[in-house]
Amino acid sequence: MASTLASPVMRIATWNVNSLKARLPRVEEWLEYAQPDVLCMQETKLADEQFPVMPFSALGYEVAFHGEGRWNGVAIASRVGIEDVVAGFSPHPEPEPVEARLMSATCGGVRVASLYVPNGRSIPSEHYDRKLEWLARVAGWVKEHHQPTDALVLCGDFNIAPEDRDVYDPKKFVGATHVSPPEREALAELCRFGLIDGFRQLYEDPRLFTWWDYRAGDFHSGRGMRIDLMLLTEPLAKQITWALVDRNMRKGPKDRPPSDHAPLFLDLDL
DNA sequence: ATGGTAGCGCTGCTA
């Protein structure tokens, strides 16, 4: 309803909240001061009937959510409308159960997807194989339903560090997931379609991380990875005016604990 | 080399 009076800038954000139930106070706090128009969330860890619609509504956001309960779960909150919501890869039933890792909707004229790529755990493993299969399915889904000239943005926790400058110490990741050539090739496939890493387009520096392990004081020691990405088609990427990882959200007291991911947002001058 | 923490939910799994 705000769309007719909206400023020409659209602020789109992505945040792996690591349980929306546990993180709701921080998400509300962040919406109030960061004022994103669209927020894609991952790892909500909520069944659909548990989703806290009211707190978002009170802040002026409509929500669409796709959860399964204990694990995974993605959602989109928007104050510029949310239409044509699709949970998963297709509006049609899947032949077998599929984890809740993808949903898409049109918000203020932009097709927005919220993705939570499987972690992969280790190499080799069945989990890693499933990660690569899921990424291949994403590429197929992008090509089947979209054109490079569309206004499309994929937001989410990709669980891939695109380059060595996106991890704190490449030597520590030899043979590990998140940096392997097949995973990075899956990202490259999306880029060949015409998607652009919006944050990296603005900032060239290494160590611009979005995730830090909870353990061993990794955040305060600067041991992180840049694995939360926003991939935009060229017409949108050309409109980016600035972008930020809000590391303040990675800090917090025990009674209002942080996610292990910080929110990432960018502004589009549409 | 290992373990370190957090969330869910109650035992161990996932990250």
Worksheet entry | J(HN,Hα) series, region A:126-141, from Karplus relation 6.51 cos²θ - 1.76 cosθ + 1.60, nearest Hz, glycine and proline x | 5, 5, 5, 4, 5, 4, 5, 5, 5, 4, 5, 5, 4, 4, x, 5
Fill in: Within straight-line cross-link reach of residue A:238, lysines at Cα separation under 25 Å, skipping those fewer than 8 residues along the same chain
A:143
Worksheet item: By a straight-distance test (C-alpha under 15 Å), which aspartates and glutamates pair with residue A:251 as possible cross-link partners, with residues fewer than eight away in the same chain excluded?
Response: A:29, A:213, A:218, A:260
Item to complete: Starting from the Cα-Cα distance between residue A:214 and residue A:96, subtract it from 0.36 nm times their residue separation and give me the gain in nm to one decimal.
Response: 39.1 nm
Worksheet, complete the sentence: Cα-based Rg then Dmax for region A:17-96, in Å, read 12.7, 43
Practice prompt. Calculate the length of the line joining the C-alpha centroid of region A:22-48 to that of region A:144-222, in whole Å.
Written response: 21
Worksheet, complete the sentence: Long-range amide H partners of residue A:103, meaning residues 5 or more apart or on another chain whose placed amide H is closer than 5 Å, are A:88, A:114
Worksheet item: Give or take rounding to whole Å, what are the principal axis extents of the alpha carbon atoms in region A:9-269, in descending order?
Response: 46, 45, 39
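Give the residue list of trypsin sites (Lys or Arg not before Pro) in region A:191-270 that are DSSP loop and have at most 14 other beta-carbon atoms within 10 angstrom. Intermediate values should be presented prior to the final figure.
Values: sites: A:192, A:200, A:207, A:215, A:223, A:226, A:238, A:247, A:250, A:251, A:254; in loops: A:207, A:223, A:226, A:238, A:251, A:254.
For trypsin sites (Lys or Arg not before Pro) across region A:191-270 that sit outside H, G, I, E and B with at most 14 neighbouring Cβ atoms in 10 Å, the list reads A:207, A:238, A:251, A:254.
Go ahead and estimate [θ] at 222 nm for chain A from helices alone: -39,500 (n - 2.57) per DSSP H run with n ≥ 4, summed, over the residue count, rounded to 500.
Details: 6 runs with 63 residues, N = 270.
Result for chain A: -7000 deg cm²/dmol, rounded to the nearest 500.
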Practice prompt. List, in order, the whole-Hz ³J(HN,Hα) value for each residue of region A:201-215 obtained from phi through the Karplus relation with A = 6.51, B = -1.76, C = 1.60 and θ = phi - 60°; use x for Gly and Pro.
Written response: 4, 8, 10, 9, 5, x, 6, 8, 7, 10, 9, 9, 4, 5, 8
Worksheet, complete the sentence: Free-by-geometry Cys in chain A, Cβ-Cβ under 4.7 Å as pairing rule, reported as A:107, A:191
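For residue A:59 and residue A:247, what does the FRET efficiency come to when R0 = 22 Å and r is the distance between their Cβ atoms, rounded to the nearest 0.05? Intermediate results must be reported in sequence, preceding the final value.
Details: r = 22 Å, r/R0 = 1.02.
It comes to 0.50.
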Discussion item. Tell me which GluC sites (Glu not before Pro) from region A:117-212 have a DSSP coil assignment and no more than 11 other beta carbons within 10 Å of their own.
Written reply: A:204
Worksheet item: How about region A:35-135: which trypsin sites (Lys or Arg not before Pro) there lie in a loop by DSSP and see at most 16 other Cβ atoms within 10 Å?
Response: A:70, A:121
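Any read-out appearing in this document is the output of simple, stated calculations on the displayed coordinates, not a laboratory observation. Since the model is a prediction, treat every value here as computed from it, not as a measurement. Methodologically, a virtual Cβ is constructed for each residue, glycine included, from the backbone with ideal geometry; neighbour enumeration extends over all protein chains shown.
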